[in-house]
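The values are calculated or read from the model by the stated rules, or taken from the named source; none is laboratory data. What you see is a predicted model, and the numbers here were worked out from it, not measured in a lab. With ideal geometry, Cβ positions are generated from the backbone for all residues, glycine too; neighbour counts draw on all protein chains shown. Just the protein is used for accessible areas: all its heavy atoms, side chains included, with ligands, DNA and RNA removed. Shrake-Rupley method; radii C 1.70, N 1.55, O 1.52, S 1.80 Å.
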Amino acid sequence: MFLKRQVVTIALVIGLISLFSYTGFGQKPLYMDSSQAIEKRVEDLLGRMTLEEKVGQMNMPCVYVGELGKDIPAKTEGCRKFTEGKHVEGLGPAGGFFTLANTILHKGTRQQAEYFNELQKIATEKTRLGIPLLQTEEGTHGLMCSGGTIFPEGLTIGSTWNMDLVKKIYTIAAREGRAAGIHQLFTLVIEPNRDPRLGRNEEGYSEDPYICSRIAETIAGAVQGDDISANDKTVAGFCHYPGQSEPVSGMEKGAMEISERKLREVFLPPWVAGIKKGGALGVMATYPAIDGRAAHASEFLLTDILRNELGFEGLVLGEGGGISTIVVERHAANQKEAGEIAIKAGLDVGISYEEGYMTPLIENVKEGKVSMDLIDRSVRRILRLKFRLGLFENPYVDPEYAVKITHTKESKEVALEAAREGIVLLKNENNLLPLKKDIKRIAVIGPNADHEKNQLGDYTAEVILQDIVTVLDGIKAGTSPNTVVEFVQGCDVIGTDYNEILKARKAAEDADVAIVVLGENEWQTAGGKGTNGEAYDVASLDLTGLQEDLLKAVYESGTPTILVLINGRPLSIRWAAENVPAIVEAWLPGERGGHAVADIIFGDYNPGGKLPITVPRHSGQLPVYYNRMPGKEYWINNAWGKAYADMPASPLWEFGFGLSYTKYEYSNLQITPKETGQYGVIKVSVDVQNTGDRKGDEIVQLYINDLKATMSVPVKELQGFKKVSLEPGEKKAVEFSLNHENLFLFNSFMEPVVEPGVFEVMIGSSCEDIKQKGSFEIK
């Protein structure tokens with residue numbers, strides 16, 4: 001008995017010594033000491049964690065998955081259990097959650113902040129190590145939570161060509177998110193839109209790598225700032241690395257059959273800008289296979305390029321169901337094998353409750369298929385980010401403050417500003433626009449004239465709490481009290497069952513002007529029969545359903561007709577382009593979009609938006625982006641390439657196009673020096689004058705053309721743009737600077753080089769409307 005007690009006593013002493021060695025004899029552990037360097041804190045905490053706790057941290061599931069519960073009450077409790085590590089047997093506490101607030105917290109900002117605080121209390125007080133949660137939400141065009149400001153989406157933002165405005169939008173999105181308890185904003189889609197048939201291309205900003213690069217760099221600075229622990233900053237989560245916008249057949253998740261050259265020339269530049277220059281700390285791996293390898297399985301993409309070349313220091317998250325793509329591409333037979341491949345490639349976090357990153361991953365480690373070093377690599381990155389965010393010191397938020405700074409007067413004004421600047425005037429025959437406000441009778445017609453959801457775009461909150469201003473609302477508010485405004489829906493966006501075309505024509509006949517609002521619909525509003533948004537791709541870019549029939553009937557009434565488009569992709573509106581006298585491209589203008597459209601129509605705002613994407617005549621022309629290669633350019637300008645057998649080869653409207661209610665003249669192009677070396681700097685300036693009688697904003701665009709190169713390079717590439725505001729008669733000098741980053745090409749060894757030779761400089765108001773030309777030579 002004495003021996004038995006002695007053994008127990010020794011064991012107890014050893015246990016106490018072990019405990020005190022961790023805590024410093026009652027002191028807090030090193031990882032909880034904010035005075036210590038982050039790397040020391042990370043290593044200290046990592047050394048205390050079990051394998052189960054480590055793999056738990058690698059799981060930040062989307063709350064919409066059924067495994068967390070089938071309804072909101074069940075999910076609410078499921079998140080509590082997953083936070084504590086009691087939802088999945090054998091798996092430690094969760095690392096965080098993805099799109100939790102949008103899925104289950106629909107009462108507004110206060111509810112969101114309070115529930116996030118509750119989960120943080122569980123994570124920090126009811127788990128062994130007290131590791132706080134990392135909460136992630138979508139921020140594509142504003143915080144995707146009930147109550148968050150809904151800004152215009154995608155091509156609307158791109159059409160502003162205004163980086164100061166981009167900064168405002170995403171600064172507000174980050175501030176609203178962090179105040180509510182969110183630490184990462186994702187689905188910031190920086191990849192170029194290369195095939196408009198893809199439904200989720202509505203989330204992207206432009207077809208052009210240069211514009212996307214400038215936007216990526218701007219968003220990173222706006223969302224993250226200099227200190228991501230600040231109470232108004234979050235991680236910028238860029239999507240979808242390295243791209244998915246030019247898939248086979250233009251269909252969601254279709255393979256990207258591109259070469260490494262195209263990858264580096266077209267798709268990687270925004271990532272270089274956003275990560276190497278902007279310092280972005282979030283990346284989501286893409287769905288499709290790239291050059292024959294699923295991105296989630298590609299060490300070349302996720303480690304060699306992303307980490308080693310670009311110096312990425314943040315977290316790589318999987319797409320929804322992304323680990324499963326490894327099985328779909330048949331690189332693995334099951335989730336367990338897929339998890340092994342993904343962790344070796346460099347995927348840090350699973351967001352879809354996929355087994356490959358849950359208990360089967362633990363089994364892989366115990367069986368020697370996955371080394372503990374690989375697990376530690378990802379967990380170290382997760383912990384480091386949580387420390388950098390200051391979550392161990394400040395896991396909670398102030399609900400009162402969150403309510404105060406969310407959806408403010410300022411944020412609503414920025415939403416209106418963005419919608420105005422993002423509208424592109426495509427046609428204005430005989431100066432039909434702007435209309436006089438005292439017009440007697442207006443017919444407002446079309447399925448998108450009074451449809452709130454269709455003008456907001458996807459990645460918008462499931463439950464919208466604020467008022468949305470539709471085009472009909474804006475027209476009514478923008479006219480005089482004596483104006484009669486009659487609304488007729490006319491038809492649906494899709495289908496032929498709803499038909500009010502005769503009624504619409506009669507309304508147009510009785511009116512002084514007809515405003516027809518057509519375009520696309522979001523799948524959520526159409527019982528899954530949408531044309532726009534993630535997984536809703538189209539084969540044709542023509543107007544759907546009875547919309548063109550409706551437009552023709554209104555036009556044939558003889559009443560002056562204005563077409564307003566609400567859409568997420570460019571549409572091949574051939575008949576409208578030839579016949580309708582005025583066309584306004586509003587894209588997806590957000591919660592204040594109706595006011596913005598009315599401001600353009602009635603002349604309260606002079607349109608200044610320019611197309612960030614080419615508008616084709618037909619989907620059969622694709623690809624139709626402006627920065628084409630010399631071979632295509634040659635045949636376009638010669639007999640065999642000027643037209644198809646059934647239509648011209650030219651687009652309806654070119655990249656960079658946009659009309660104004662005033663006119664601009666360009667003069668006095670200056671390029672200095674005329675000769676320089678490979679790393680020299682070229683200064684370019686041009687005078688721009690407003691020759692009309694209205695104040696306006698002109699977007700001055702600079703393109704270059706490398707006249708002779710060892711590799712094929714585009715005949716025209718945007719390498720600079722500036723938005724300049726001019727009073728009537730005012731002239732300003734607009735200046736640009738070019739250096740080796742604007743001039744290099746990838747040689748046959750995929751090395752960036754600036755080759756000697758002559759470069760042509762083209763400055764104008766679109767890629768085709770070139771006003772001034774010059775050149776310089778690299779010696």
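Among the residues of the stretch 592-614, which ones are in a loop (DSSP other than H, G, I, E, B), of a type in the set (D, E, K, R) and over 19 Å from TYR205 (Cβ atoms)?
Hits for the stretch 592-614 are ARG592, ASP604.
Among the residues of the stretch 49-70, write down those that are free of Cβ contacts under 8 Å to residues at least 24 places away in the same chain and closer than 15 Å to THR99 by Cα.
Selection gives GLY66, GLY69.
Applying the selection to the stretch 480-520, what residues are out of contact with any Ser or Thr (no Cβ under 6 Å at 6 or more places or on another chain), open to solvent by less than 10 Å² (accessible area, probe 1.4 Å) and in a helix (DSSP H, G or I)?
Those that are out of contact with any Ser or Thr (no Cβ under 6 Å at 6 or more places or on another chain), open to solvent by less than 10 Å² (accessible area, probe 1.4 Å) and in a helix (DSSP H, G or I): ALA504, ALA507.
Is it the case that the stretch 63-82 has a residue that's at pLDDT 95 or above, part of a strand (DSSP E or B) and within 21 Å of GLU138 (Cβ to Cβ)?
Taking every residue of the stretch 63-82 in turn, none turns out to be at pLDDT 95 or above, part of a strand (DSSP E or B) and within 21 Å of GLU138 (Cβ to Cβ).
Could you tell me which of the residues ASP398, ASP348 is over 19 Å from ASN606 (Cβ atoms), acidic (Asp, Glu) and surrounded by fewer than 17 Cβ atoms within 10 Å (Cβ to Cβ)?
Being over 19 Å from ASN606 (Cβ atoms), acidic (Asp, Glu) and surrounded by fewer than 17 Cβ atoms within 10 Å (Cβ to Cβ) holds for just one of ASP398, ASP348, which is ASP398.
Take the conditions open to solvent by less than 10 Å² (accessible area, probe 1.4 Å) and closer than 23 Å to ASN201 by Cβ and apply them to ALA342. Does it pass?
Judged against the criteria, ALA342 is not a match.
Among the residues of the stretch 248-273, write down those that are of a type in the set (Val, Ile, Thr) and either in contact with a Cys (Cβ under 7 Å, 6 or more places away or on another chain) or at pLDDT 95 or above (or both).
Listed by number, the residues that qualify are VAL266, VAL272.
What pairs come up if the first residue lies in the stretch 160-175 and is more than 19 Å from THR234 (Cβ to Cβ), the second is outside any helix (DSSP H, G or I) and of a type in the set (A, V, I, L, M), and their beta carbons are under 9 Å apart, counting only those six or more places apart or on different chains?
Listed pairs, sorted by first residue: THR160/ILE699; TRP161/ILE699; ASN162/ILE699.
Any residue in the stretch 293-308 that is out of contact with any strand residue (DSSP E or B) (no Cβ under 9 Å at 6 or more places or on another chain) and free of Cβ contacts under 8 Å to residues at least 12 places away in the same chain?
Yes; the residues of the stretch 293-308 include at least one that is out of contact with any strand residue (DSSP E or B) (no Cβ under 9 Å at 6 or more places or on another chain) and free of Cβ contacts under 8 Å to residues at least 12 places away in the same chain.
Residues to consider are GLY47, GLY85; find the one that is within 34 Å of the chain's Cα centre (by Cα) and either closer than 30 Å to VAL370 by Cα or at pLDDT 95 or above (or both).
GLY85 is the lone residue from the list that is within 34 Å of the chain's Cα centre (by Cα) and either closer than 30 Å to VAL370 by Cα or at pLDDT 95 or above (or both).
Quick one: how many residues across the stretch 62-76 are surrounded by 13 or more Cβ atoms within 10 Å (Cβ to Cβ) and not hydrophobic (A, V, I, L, M, F, W, C)?
5
Hey, can you tell me all the residues within the stretch 755-768 that are over 15 Å from VAL715 (Cα atoms) and under 31 Å from the mean Cα position of the chain (by Cα)?
Within the stretch 755-768, GLY764, SER765 qualify.
Quick one: count up the residues across the stretch 554-564 that are buried (at least 23 other Cβ atoms within 10 Å of the Cβ) and without any contact (Cβ under 8 Å) to a residue 60 or more places away in the chain.
Number of matching residues: 2.
Output the residues belonging to the stretch 744-763 that are open to solvent by less than 30 Å² (accessible area, probe 1.4 Å) and under 21 Å from GLU665 (Cα atoms).
If the condition is that a residue be open to solvent by less than 30 Å² (accessible area, probe 1.4 Å) and under 21 Å from GLU665 (Cα atoms), then VAL761, MET762, ILE763 are the ones that fit.
ASN627: in contact with a Lys or Arg (Cβ under 8 Å, 6 or more places away or on another chain) and farther than 28 Å from ASN430 by Cα, yes or no? Write out each step before concluding.
On the way: in contact with a Lys or Arg (Cβ under 8 Å, 6 or more places away or on another chain): yes; farther than 28 Å from ASN430 by Cα: yes.
So ASN627 passes the test.
Can you confirm whether the stretch 645-653 contains a residue that is open to solvent by 10 Å² or more (accessible area, probe 1.4 Å), under 29 Å from ALA415 (Cβ atoms), assigned to a loop (DSSP other than H, G, I, E, B) and in contact with a Leu (Cβ under 9 Å, 6 or more places away or on another chain)?
Yes.
Has the stretch 137-155 got any residue that is open to solvent by 10 Å² or more (accessible area, probe 1.4 Å), assigned to a helix (DSSP H, G or I) and among the acidic types (Asp, Glu)?
no
With the requirement that a residue be over 23 Å from PHE721 (Cβ atoms), open to solvent by 10 Å² or more (accessible area, probe 1.4 Å) and in contact with a Gly (Cβ under 9 Å, 6 or more places away or on another chain), what does the stretch 572-623 give you?
Those that are over 23 Å from PHE721 (Cβ atoms), open to solvent by 10 Å² or more (accessible area, probe 1.4 Å) and in contact with a Gly (Cβ under 9 Å, 6 or more places away or on another chain): ARG592, HIS595, ASP599, PHE602, ASP604, SER619, LEU622.
Residues are listed down the side, and each one gets a yes or a no for (1) within 30 Å of VAL403 (Cα to Cα); (2) touching a residue at least 12 places away in the same chain (Cβ under 8 Å); (3) out of contact with any strand residue (DSSP E or B) (no Cβ under 7 Å at 6 or more places or on another chain):
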| residue | (1), (2), (3) |
| --- | --- |
| GLU462 | yes, yes, yes |
| VAL469 | yes, yes, yes |
| VAL484 | no, yes, no |
| LEU502 | no, yes, yes |
| ALA508 | no, yes, no |
| GLN547 | no, yes, no |
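Name the one entry in GLU665, GLU735, GLU741 that is part of a helix (DSSP H, G or I) and open to solvent by 30 Å² or more (accessible area, probe 1.4 Å).
Of GLU665, GLU735, GLU741, the one residue that is part of a helix (DSSP H, G or I) and open to solvent by 30 Å² or more (accessible area, probe 1.4 Å) is GLU741.
I'd like to know if the stretch 631-639 contains one or more residues that are crowded, with 23+ Cβ neighbours inside 10 Å, in contact (Cβ under 8 Å) with a residue 12 or more places away in the chain and either over 22 Å from MET163 (Cα atoms) or β-branched (Val, Ile, Thr) (or both).
Scanning the stretch 631-639 turns up no residue that is crowded, with 23+ Cβ neighbours inside 10 Å, in contact (Cβ under 8 Å) with a residue 12 or more places away in the chain and either over 22 Å from MET163 (Cα atoms) or β-branched (Val, Ile, Thr) (or both).
In the stretch 457-479, how many are outside any loop (DSSP other than H, G, I, E, B), crowded, with 16+ Cβ neighbours inside 10 Å and more than 27 Å from the chain's Cα centre (by Cα)?
5
For the stretch 117-136, which positions are open to solvent by 10 Å² or more (accessible area, probe 1.4 Å) and in a helix (DSSP H, G or I)?
Matches in the stretch 117-136: ASN117, GLU118, LYS121, ILE122, THR124, GLU125.
Which one of these does ALA415 not meet: (1) assigned to a loop (DSSP other than H, G, I, E, B); (2) of a type in the set (Gly, Ala, Ser); (3) in contact (Cβ under 8 Å) with a residue 12 or more places away in the chain?
(1)
For the stretch 371-391, indicate whether the set of residues that are among the acidic types (Asp, Glu) and within 26 Å of ASP226 (Cα to Cα) is non-empty.
no
Among the residues of the stretch 20-40, write down those that are assigned to a helix (DSSP H, G or I), modelled with pLDDT of 95 or more and more than 34 Å from the chain's Cα centre (by Cα).
Passing the criteria: LEU30, TYR31, MET32, LYS40.
Rundown of residues vs (1) assigned to a helix (DSSP H, G or I); (2) over 24 Å from GLY356 (Cα atoms), yes/no style:
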residue	(1), (2)
SER213	yes, yes
ASP227	no, yes
ALA230	no, yes
LYS233	no, yes
ALA236	no, yes
GLN244	no, no
GLY254	no, no
LEU263	yes, yes
ARG307	yes, no
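Tell me, yes or no, whether the stretch 222-234 has at least one residue that is open to solvent by 10 Å² or more (accessible area, probe 1.4 Å) and closer than 24 Å to PHE744 by Cα.
Within the stretch 222-234, not a single residue is open to solvent by 10 Å² or more (accessible area, probe 1.4 Å) and closer than 24 Å to PHE744 by Cα.
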